[in-house]
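This report concerns only the one structure given below.
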Amino acid sequence: MTSTKRNVRETAMDLLVTIEKNQSYSNLLLNTTIEKNDLSVIDVGLLTELTYGTLQRRMALDYFLKPFIKDNKKLATWIHHLLRLTLYQMVYLDRIPDRAAIYEAVEIAKKRGHKGIAGLVNGVLRTIQREGLPSLDEVSDPKVRLSLETSHPEWLVARWVNQFGFDKTKEMCEINITAPPQTARVNLTKISRDECIAILEEDGFQIEKSPIIPEAIRSLKGNLASTIAFKYGMFTIQDESSMLAAYALGVAENEVILDACAAPGGKSTHIAEKMENTGQVVAIDLHEHKKKLINDNARRLGLKNIKTIAMDSRLVQEKYEEESFDRILLDAPCSGLGVMRRKPDMKYTKTEKDIERLSGIQQTLLSSVSPLLKKGGILVYSTCTVDKEENEQTIKTFLKNNPEFEGDLSFKTRMPEAIQPLITSYDIQIFPQDFGSDGMYIAVLRKA
C-alpha cells in the first residue's frame, strides 16, 4: 500500500473527528483540507468519498458495529471513526478489497495508538468479515428501519412521514445518501452555454446541459471551481433548484431589487445577470466577511450592479423607506434539510426545536422586509428546506396577518418549462428526488 493512500484514510478519520467535535460544516472543512494538503485528483476523490460516505451512513454503520464492540463508551472517538470508516469501505465500496481496508486501519491504529488498540481494531474487523453483518430486516418498525437504513434520525423520519407519507419520505431519505452532482450557472452576460461547454470539454471535463435550467450545466467528472473558465467569471457554482429563485422573481432591466439574506451571493449575482448589469441589486447579509464573499463573486463575474451591505435584515427599515424596492427576495435562514446531500453532518445536529426557532425568525424577517416593497411589487420567499412549518405554514401565517399581500400564480409562466407542470399554486416545493437537485421551497407573493 502506498503511504499517500494511508494518509488519505488517516486524513478522512481526522476530518470525521473534527466534524463531530466542533460540529464543523463538513463541506467547508473538506475544502480547506484539500487546499492545504495538495492532493492528487484521485486522492481528492477518495478523501471526499470516505468522508461524506461515512458521514452519510453513520447510523447504519453504528448498527452494524454494535454487536462486535463490547464497550462502546470506553472507545476513544478516533477509534470509533476509524472502525466506521473502514466498515464503510467494506460494506459500500466495491473497488477496495476488504483485506486492504483492514490492513490500512490496523496500520493507522498502530501509528495513533498502541499494539493493544491495533489488535482490537483488527479483531473487530476480522470478526465482521467472518460472521457478516446483522440484518436490518430484524427491525420490525418500518420507520425505525428506514431511519437506520438511510441514517436519518428517527424524529426526522417520523416528521416527514407525517408531512409527506412513507413512500415520499423513503425516496427522499434514499437520495439523501447519494453524492450530489456538481452544477453551475453560465454567466450569459459574458458567454453562451454552448461556448462555455466547449471550453470546459477542451479542458477534459465531461459536461451535460441541465434538463431543467436553460443556462445551467452539470459536471459529470472533475471540480469546475478549479478551472480557468471559473476564474474568468464564465460561470458560478450553484444548484439548479437555487437558480429557480431568480426566475420566480422575474426581474426587468433597471429595477431596484432587495436580496435580504444574500450570502454567498449565488442568487444576487443571478438576478444581476438577468438584469443585464442594469438597475441595482441591494444584497444584505448579517456578516462583514460574507459581504466580501458577495463582492468577490460579483467582481469575478464582471457585475457592477450589486451593492452589498452588512447588517441585520430585521432592522432594514431603519435604512430604507417604505416602498423602496420593485421586487424583494427573502432567501430565509432555515434548517437546510433540503441540502443534506451536500452537508451530511447536519442531520445529526438538527433538532425539532431548531425548526420552531427558525420559523419565528422567518416570520420576523418577512414582517421587516415586506413594507419596503412597492405596491404591485413581487416578494419571493425561498428556503433550502422541505419542512412544512418553515415553508407553507410560515407563508400562510404571513398572508393571514398581511392582507395587502396575495399569492401570485402568474409566476408559473416565468419558470423554466421543466418546472411548470409542478406548479399548481403560488408556491412550489422541490424535493431532492424530483430532479436530483437540492430540496427548495419558493413562494411568490404580490403586494396589492
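Tabulated values for the structure
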| item | result |
| --- | --- |
| Under 16 Å from Lys168, Cα to Cα: lysines that are on another chain or at least 8 residues apart | Lys143, Lys388 |
| Extension gain (nm, one decimal) between Asp137 and Gln433, 0.36 nm per residue minus Cα-Cα | 104.1 nm |
| P(r) weight above 32 Å for the stretch 240-447, C-alpha pairs, percent | 10 |
| Aspartates and glutamates with Cα under 14 Å of Lys111, excluding same-chain neighbours fewer than 8 positions away | Glu10, Asp14 |
| Relative contact order (percent, whole number), the chain, Cα cutoff 8 Å, 6+ residue spacing | 13 |
| Centre separation in Å (Cα based) which lies between the stretch 12-64 and the stretch 343-420 | 32 |
| Shape box of the stretch 269-326 [Cα atoms, principal axes, largest first, Å] | 31, 27, 13 |
| Cα-based helix-to-principal-axis angle, 288-301 vs the chain, degrees rounded to 10 | 80 |
| Mean projected area in nm² (Cα convex hull; one quarter of hull surface) for the stretch 339-433 | 7.4 |
| Phi-based couplings in Hz for the stretch 47-54 (Karplus 6.51, -1.76, 1.60; Gly and Pro marked x) | 4, 5, 4, 5, 5, 5, x, 5 |
| Integer Hz, Karplus 6.51/-1.76/1.60 couplings in order for the stretch 433-448, x for Gly and Pro | 7, 5, 10, x, 9, 5, x, 8, 10, 9, 10, 10, 10, 10, 8, 4 |
| Base-10 log of normalised Debye intensity for the stretch 3-134 (one unit scatterer per alpha-carbon) at q = 0.19, 0.22 Å⁻¹ | -1.10, -1.48 |
| Distance between the stretch 125-161 and the stretch 229-285 - C-alpha centres, whole angstrom | 42 |
| Cα radius of gyration and Dmax for the chain (Å) | 23.7, 74 |
| Percentage relative contact order, the stretch 240-447, counting C-alpha pairs under 8 Å, at least six apart | 23 |
| Placed amide H near Glu389: partners under 5 Å, 5+ positions off or other chain | none |
| Structure-based [θ]222 nm, the chain - -39500 (n - 2.57) summed over DSSP H runs of at least 4, per residue, nearest 500 | -15000 deg cm²/dmol |
| Order by protection proxy (mean Cβ within 10 Å, highest first), peptides 81-91, 340-350 | 81-91, 340-350 |
| Pairs from Lys231/Lys374; Lys66/Lys347; Lys21/Lys267; Lys221/Lys350 whose Cα-Cα separation, in the structure shown, is over 27 Å | Lys231/Lys374; Lys21/Lys267; Lys221/Lys350 |
| Residue exposure sequence - Asp259, Asp312 - by fewest surrounding Cβ within 10 Å | Asp312, Asp259 |
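Read the figures in this text as sums done on the coordinates, not as results from a lab. Keep in mind that what you see is a predicted model, and the values were worked out from it rather than measured. Cβ atoms come from the backbone with ideal geometry, glycine included; neighbour counts cover every protein chain shown.
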